[in-house]
Amino acid sequence: AQSVSQHNHHVILSEAASLELGCNYSYGGTVNLFWYVQYPGQHLQLLLKYFSGDPLVKGIKGFEAEFIKSKFSFNLRKPSVQWSDTAEYFCAVNAPLGTGRRALTFGSGTRLQVQP
Amino acid sequence: ETGVTQTPRHLVMGMTNKKSLKCEQHLGHNAMYWYKQSAKKPLELMFVYNFKEQTENNSVPSRFSPECPNSSHLFLHLHTLQPEDSALYLCASSQGGGEYSPLHFGNGTRLTVT
C-alpha cells in the first residue's frame, strides 16, 4: 500500500520564523500532491496542490511547496509564519490503491504551534 | 461554511447500539467519501462513491455500512461497534474521482463508543 510520511509531528515556532514541513511518499509512479490545513475547530481545507509543470507551487496565505521527484518529497514552506498559521497540516498523495483505482492517501499530520 | 454538512457533530453510543451518520453536500459534486481520523494516525479512507456507486471499500469491517441514495447524500450506518472505533469520521466530496479535484471536507462527527 502507498504511504505518506510526515516526520514532524509537532512543531513550535515563534512568529516571523521560517517554516518547512517534510512530506515523503512511497509511490514511484505519477502522483498528484496536496497539502491540506485544519485550523482549530474548523474543517480540513486545501492549501495547495501539484499536478504537473513547475515543481514549485504556491498556495494561499503565502505557503509554497516544492515537488522533488528524485526524493519522493513535497515539503511545505513559508518564509515567515504568523500566529494565525497555528493549525494541523496534512500532506496527501493521490496514487493508486491496491484495487488499481486512485484515491488520496494522507499523512498523519503535523501540528504547528506559532507563539506570538 | 464548507458546503459539506455532517450530522450529528458528536455521538456517544454503546457497543450494542445502531446509529447512523449523515453527510450532505451542496456543491454539485458527484463523488463522496468517508474517512476515519484517529489521534496521531493518518486519515484512513473507508469508502468512495462515484455517481452513487461504491467504487472503493478499503477493507472496512462490516459493522460499518455505507449508503449513498443520491450524489448529494451519504450515510454511514453503525452497528455493534468496538471502543477502538472511537474517532472523528469525516465526509468529503469532490467533482469527479478526486484525482484532479480537491476534496471538500465536512466538520466531521466525533464518535465515542462506550
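The values are calculated or read from the model by the stated rules, or taken from the named source; none is laboratory data. Please read all numbers here as calculations on a predicted model, not as lab measurements. Glycine also receives a Cβ, built like all others from the backbone with ideal geometry; neighbour counts cover every protein chain displayed. Please note that ligands, DNA and RNA were not included when accessible areas were found on the heavy atoms of the full protein model with its side chains. Shrake-Rupley method; radii C 1.70, N 1.55, O 1.52, S 1.80 Å.
Considering B:SER72, B:SER86, the condition of being in contact with a Leu (Cβ under 7 Å, 6 or more places away or on another chain) and more than 14 Å from chain A (Cβ to nearest Cβ) is satisfied by B:SER86 alone. Set side by side, the residues A:LYS71, A:LYS78, A:LYS61 differ, and just one is at positive phi and more than 13 Å from chain B (Cβ to nearest Cβ), which is A:LYS61. Residue count for the range A:37-47 satisfying the condition of being on the phi < 0 side of the Ramachandran plot and free of Cβ contacts under 8 Å to residues at least 40 places away in the same chain: 4. For the range B:36-57, filtering for residues that are facing chain A (nearest Cβ under 7 Å) and under 19 Å from A:ALA95 (Cβ atoms) leaves 7. Only strands (runs of 3 or more DSSP E) whose full extent lies in the range B:8-114 are considered here, and the ones with at least 1 residues that are in contact (Cβ under 8 Å) with a residue 12 or more places away in the chain and under 21 Å from A:PRO96 (Cα atoms) are B:31-37, B:44-50, B:53-57, B:87-94.
Please verify whether the range A:8-23 includes one or more residues that are open to solvent by less than 60 Å² (accessible area, probe 1.4 Å), touching a helix residue (DSSP H, G or I) at 6+ places or on another chain (Cβ under 8 Å) and within 17 Å of A:ALA87 (Cβ to Cβ). Looking through the range A:8-23, at least one residue is open to solvent by less than 60 Å² (accessible area, probe 1.4 Å), touching a helix residue (DSSP H, G or I) at 6+ places or on another chain (Cβ under 8 Å) and within 17 Å of A:ALA87 (Cβ to Cβ).
Residues in the range A:35-51: is at least one away from chain B (no Cβ under 13 Å), in a strand (DSSP E or B) and over 17 Å from A:VAL4 (Cβ atoms)? Write out each step before concluding.
Keep residues of the range A:35-51 that are away from chain B (no Cβ under 13 Å), which gives none.
No, that holds for no residue.
So, B:SER62, is that one out of contact with any helix residue (DSSP H, G or I) (no Cβ under 9 Å at 6 or more places or on another chain) and modelled with pLDDT under 95 or not?
Working: out of contact with any helix residue (DSSP H, G or I) (no Cβ under 9 Å at 6 or more places or on another chain): yes; modelled with pLDDT under 95: yes.
Here the answer is yes, as B:SER62 does meet what is asked.
Filtering the range A:106-116 to residues that are within 11 Å of another protein chain (Cβ to nearest Cβ) and open to solvent by 30 Å² or more (accessible area, probe 1.4 Å) leaves only A:ARG111.
With respect to B:GLY98, is the statement that it is facing chain A (nearest Cβ under 10 Å), open to solvent by less than 30 Å² (accessible area, probe 1.4 Å) and modelled with pLDDT of 95 or more true? Let's see the steps before the verdict.
Numbers: facing chain A (nearest Cβ under 10 Å): yes; open to solvent by less than 30 Å² (accessible area, probe 1.4 Å): yes; modelled with pLDDT of 95 or more: no.
No; evaluated as a whole, the condition is false for this residue.
Taken together, the criteria exclude A:GLN42 from residues that are at pLDDT 95 or above, over 16 Å from the mean Cα position of the chain (by Cα) and open to solvent by 50 Å² or more (accessible area, probe 1.4 Å).
For the range A:81-97, state whether one or more residues are farther than 25 Å from B:LEU90 by Cβ, more than 14 Å from chain B (Cβ to nearest Cβ) and open to solvent by less than 20 Å² (accessible area, probe 1.4 Å). Within the range A:81-97, one or more residues are farther than 25 Å from B:LEU90 by Cβ, more than 14 Å from chain B (Cβ to nearest Cβ) and open to solvent by less than 20 Å² (accessible area, probe 1.4 Å). Among the candidates A:PHE74, A:PHE63, A:PHE51, A:PHE34, the residue that is aromatic (Phe, Trp, Tyr) and in contact (Cβ under 8 Å) with a residue 60 or more places away in the chain is uniquely A:PHE34. Restricted to the range A:1-34, and to residues there that are in a strand (DSSP E or B) and over 13 Å from the mean Cα position of the chain (by Cα), the residue that is nearest to B:LYS40 (Cα to Cα) is A:HIS10.
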